[in-house]
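The next block holds one structure in the form of structure tokens; read it before the comments.
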Amino acid sequence: MKAIEISSYGAPEVLRLAERPDPTPAAGELLIRVAASGINRPDVLQRTGNYPVPPGASDLPGLEVAGEIVSGDGAAMAAAGLAIGDHVCALVAGGGYAQLCVAPVGQCLPVPKGWTDADAATLPETFFTVWSNVFDRARLASGETLLIQGGTSGIGVTAIQLAKAFGARVIATAGSDSKCDACIALGADHAINYKTSDFVREVERLTGGKGVDVVLDMVAGSYVAREIECLAEDGRLVIIAVQGGTKAEFNAGMVLRKRLTVTGSTLRPRPITFKAAIAKSLRDKVWPVLERKTVKPVVHSTFAALEPGAAAEAHTLMESNQHIGKIVLTW
Ligand SMILES: NC(=O)c1ccc[n+]([C@@H]2O[C@H](COP(=O)([O-])OP(=O)(O)OC[C@H]3O[C@@H](n4cnc5c(N)ncnc54)[C@H](OP(=O)(O)O)[C@@H]3O)[C@@H](O)[C@H]2O)c1
């Protein structure tokens, strides 16, 4: 099969089209003929040598794919209601930038009705991450207010739409006025250009001084102290990335006084059983919303993976931060 490999750590040009042996599904796995692979920021971190591959995972980048099932563990597939020929999207721990990809059956979900494979390839990484962090860990409830940092990131566009679909009020931050407009178009109630306004003061104003119930943070560093300030009583801060640095100094007194919870997680190294449980929740609670198109795919650009330099171009676009939503490779 053809695949995009990381020839050495470095700039986007280290991504090379290569010939690799076809993968073989083991017990509990199936093989997908990949139509599209989603690109995520963690792939950029892996390419630069800052995100080690978990033990046992493919060294090829790519955490999500969609396409047709071509073979696999028949009993496991039957138990999951899947069969050869079905179109699925899958969360994988690596190996997604390839024409063929193996996935644990429990991490596969049917392509939602009315969605293309390229649309569905944008789902797994951000939907598993947002569901697990915002809804499971941070327990966002209907009627509560969520502050999302990076509202136009792949994660952000998912979080805005899911939180609105489940009855929350959403405030999103972004780094330009046009990105703020995009957040509002996706359903956010308010958007804050964090480069021209202080998000702490804006949150205070927008919530009448009460603060937000949950913050989804992908920045950390100096943001943590400011987010602790933004939280309402019994608020929850969930950190999923540290783009602004790992060290944070904050007023611990506020954690006691407001009874705050600070949490976070990283999806890729978690066990298959954990990911399968998230898949089940998504199938039960979120897939009906996708099929009603209350939540829509947000595809910024697609790149033809077999074109020379396409993957490098896709990563260059992601690093430029010009994109709104997801970037996809098609095969
Ligand atoms: N923990 C997990 O399991 C997990 C899983 C998936 C992804 N992630 C992390 O989640 C983040 C988003 O991933 P993605 O694939 O959606 O990436 P992406 O589309 O490339 O988005 C990155 C975003 O970060 C925003 N950003 C950077 N500095 C910011 C700041 N100071 N304030 C507000 N926003 C800022 C950028 O927005 P502006 O241009 O508006 O600044 C951009 O939209 C990445 O850091 C990724 O590593 C974590």
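Observations on the structure shown:
- Screening residue 39 on (1) away from the ligand (no atom under 16 Å from the Cβ); (2) closer than 30 Å to residue 113 by Cβ; (3) open to solvent by less than 30 Å² (accessible area, probe 1.4 Å) shows it passes everything except condition (1).
- Taken over the range 46-66, the criterion of being away from the ligand (no atom under 12 Å from the Cβ) and of a type in the set (Asp, Glu) is satisfied by 59 alone.
- The condition of being away from the ligand (no atom under 11 Å from the Cβ), loosely packed, with under 15 Cβ neighbours inside 10 Å and not assigned by TED's automatic domain parsing to the domain that holds residue 111 does not hold for residue 236.
- Here residue 154 fits the description: outside the structural domain of residue 35 (by TED's automatic domain parsing) and within 13 Å of the ligand (Cβ to nearest atom).
- In the range 239-261, residue nearest to the ligand (Cβ to nearest atom) [restricted to those that are open to solvent by 70 Å² or more (accessible area, probe 1.4 Å) and in a loop (DSSP other than H, G, I, E, B)]: 243
- Members of the range 170-195 that are among the hydroxyl-bearing types (Ser, Thr, Tyr), touching a residue at least 12 places away in the same chain (Cβ under 8 Å) and either within 16 Å of residue 299 (Cα to Cα) or open to solvent by 10 Å² or more (accessible area, probe 1.4 Å) (or both): 176, 194
- Scanning the range 64-101 for residues that are touching a residue at least 40 places away in the same chain (Cβ under 8 Å), assigned to a helix (DSSP H, G or I) and small (Gly, Ala, Ser) gives a single hit, 76.
- Within the range 293-310, the residues that satisfy the criterion of being over 18 Å from residue 125 (Cα atoms) and either within 16 Å of the ligand (Cβ to nearest atom) or in contact with a helix residue (DSSP H, G or I) (Cβ under 9 Å, 6 or more places away or on another chain) (or both) are 294, 303, 304, 305, 307, 309.
- Flag for residue 225 being over 18 Å from residue 42 (Cα atoms) and either open to solvent by 20 Å² or more (accessible area, probe 1.4 Å) or among the β-branched types (Val, Ile, Thr) (or both): yes
- Residues of the range 283-331 that are among the polar types (S, T, N, Q) and modelled with pLDDT of 95 or more: 301, 302, 316, 320, 321, 322, 330.
- Filtering the range 265-274 to residues that are more than 11 Å from the ligand (Cβ to nearest atom) and open to solvent by less than 80 Å² (accessible area, probe 1.4 Å) leaves 271, 274.
The values are calculated or read from the model by the stated rules, or taken from the named source; none is laboratory data. What you are looking at is a predicted structure, and each value in this text was computed from that prediction instead of being measured. All Cβ positions, glycine included, derive from the backbone under ideal geometry; neighbour counts span all protein chains shown. The area values use the complete protein model at the heavy-atom level, side chains included, leaving out ligands, DNA and RNA. Shrake-Rupley method; radii C 1.70, N 1.55, O 1.52, S 1.80 Å.
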